[in-house]
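Participant: Submitted below is the structure of interest, expressed as structure tokens.
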Amino acid sequence: MINYFKTVQGRMERLSAYEKACWIDMVNPSDDEIEDIAALTGIDETLLKAALDEEESARLERDDNVTMCLMDTPVITDTDEGDIYETIPLSVLSNKECLVTVCLRGNPVLGGFVSNRVSADTTKATSFLLSFMMGNAKAFLSNLRQIDKKSLRVEAELHRSMKNKELIQLLSLENSLVYFSTALSATYSVYTKVGRLPAIAENEDYQELFEDILIEAKQASEMCNIYRDILSGTMDAYASVISNNVNSVMKLLAVITFVIAVPTLIASLWGMNVPVPFQGNAWGFWIVIGISVVLSIVAAVWIVHNTNSVRIKTPRQVKHKRRGGGDR
């Protein structure tokens, strides 16, 4: 899909066809559309197709006529299992005649330009690029806050009941933070290269805006790393809790099995087709039952006592004991 826009008296207006100093927004374009835009603008098809590869790395390319800034931008995918936070490439290309943006999906930052919620001037390529860079950094921050709030909700649900669904959601959020961290690192390096462009380095107004952009991008990167570390620690903690719960259940089952084995053994011995004690006694059955109960209680008390008396010594305790023994 291709749309044409142009800034007219400070507002973004939609055009019906290509004009000079316009902005061409390409969303998942076909090969024919790429060929048409390449013919209109003189931009090489290879540059126009760069952002259509989801694995394309962020970079800045310049030649005599065209400047391409390829960045990663956050997107939210709605699925049956919930929202998935991902990143996809988006390229901003400019030459002396026009601006071109290429992406596989619609971008909310560019949508703000179209709806005039955010001002952008298509006649000034540098200003347009900086406006998008600032919006992109804020979009990362917004998505990171959403991930943090969602992780807190999932953790609250896990406190009430330990379910696989919530654990899978936490794992998905952790994966999203890993993608965001990688994308922000690559995008930040591209931002620093953009700051060395003559059009920005030699303009004080652009330089101030660019410094604000770097601050926002750095904040997003730091927030992402903090959230990722916290979520990783949370996942490890829940893994330990689950392991402890399994150990407790297995311990209980082992105790029950051992206690039940005592009366089973006695019943097996007294059930043999040979002479056994108390077989001629009128109270023989109840005597055997009483012996089974007493031995079962003794076995249960012995197991519980020995289990609770087991203590795992930490390396610090072992070291302290060794030092105490040496002193004596």
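Participant: Show the residue pairs meeting these rules: Cβ distance below 7 Å; 6+ apart or different chains; first residue within the range 217-234 and within 14 Å of residue 147 (Cα to Cα); second residue among the β-branched types (Val, Ile, Thr) and surrounded by 15 or more Cβ atoms within 10 Å (Cβ to Cβ).
Facilitator: Hits for this filter: 227/147.
Participant: Using the structure shown, decide if residue 227 is within 30 Å of residue 191 (Cβ to Cβ) and surrounded by 12 or more Cβ atoms within 10 Å (Cβ to Cβ).
Facilitator: So residue 227 fits the description; yes.
Participant: Criterion first (touching a helix residue (DSSP H, G or I) at 6+ places or on another chain (Cβ under 6 Å), under 23 Å from residue 68 (Cβ atoms) and at pLDDT 85 or above) does residue 179 satisfy it?
Facilitator: When the stated conditions are applied, residue 179 does not pass them.
Participant: Let me confirm something: among 40, 104, 52, which residue is over 32 Å from the mean Cα position of the chain (by Cα) and not hydroxyl-bearing (Ser, Thr, Tyr)?
Facilitator: Details: 104 fails: over 32 Å from the mean Cα position of the chain (by Cα); 52 fails: over 32 Å from the mean Cα position of the chain (by Cα).
Of the residues listed, the single one that is over 32 Å from the mean Cα position of the chain (by Cα) and not hydroxyl-bearing (Ser, Thr, Tyr) is 40.
Participant: Looking at the structure I just gave you, is residue 186 assigned by TED's automatic domain parsing to the domain that holds residue 62, touching a helix residue (DSSP H, G or I) at 6+ places or on another chain (Cβ under 6 Å) and modelled with pLDDT of 85 or more?
Facilitator: no
Participant: Sticking with this structure for a sec: Given 119, 131, which one is among the hydroxyl-bearing types (Ser, Thr, Tyr) and at pLDDT 85 or above? Break it down stepwise before answering.
Facilitator: Working: 119 fails: at pLDDT 85 or above.
Exactly one residue qualifies, and that residue is 131.
Participant: If the requirement is being loosely packed, with under 12 Cβ neighbours inside 10 Å and either in contact with a Pro (Cβ under 6 Å, 6 or more places away or on another chain) or of a type in the set (Gly, Ala, Ser) (or both), which of these qualifies: 282, 261?
Facilitator: None of the others qualify; the one that does is 282.
Participant: Next question, about the same structure. Give the range 146-158 a look and list any residue that's of a type in the set (Lys, Arg) and either surrounded by fewer than 13 Cβ atoms within 10 Å (Cβ to Cβ) or at pLDDT below 85 (or both), or say none.
Facilitator: Across the range 146-158, the qualifying residues are 149, 153.
Participant: Among the residues of the range 170-191, write down those that are in contact with a strand residue (DSSP E or B) (Cβ under 6 Å, 6 or more places away or on another chain) and not hydroxyl-bearing (Ser, Thr, Tyr).
Facilitator: Once the filter is applied, which keeps residues that are in contact with a strand residue (DSSP E or B) (Cβ under 6 Å, 6 or more places away or on another chain) and not hydroxyl-bearing (Ser, Thr, Tyr), the range 170-191 yields 183, 190.
Participant: Filter the range 285-300 down to the residues that are farther than 22 Å from residue 255 by Cα and either surrounded by fewer than 12 Cβ atoms within 10 Å (Cβ to Cβ) or of a type in the set (Phe, Trp, Tyr) (or both) and list them by number.
Facilitator: Listed by number, the residues that qualify are 285, 286.
Let's see how each residue does on (1) buried (at least 19 other Cβ atoms within 10 Å of the Cβ); (2) closer than 21 Å to residue 80 by Cα:
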position	(1), (2)
142	no, no
160	no, no
166	yes, yes
169	yes, yes
175	no, yes
184	yes, no
187	yes, no
195	no, no
202	no, no
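The values are calculated or read from the model by the stated rules, or taken from the named source; none is laboratory data. Note that this is a predicted model, so its numbers are computed, not measured. Every residue, glycine among them, receives a Cβ derived from its backbone with ideal geometry; neighbour counts consider all protein chains shown.
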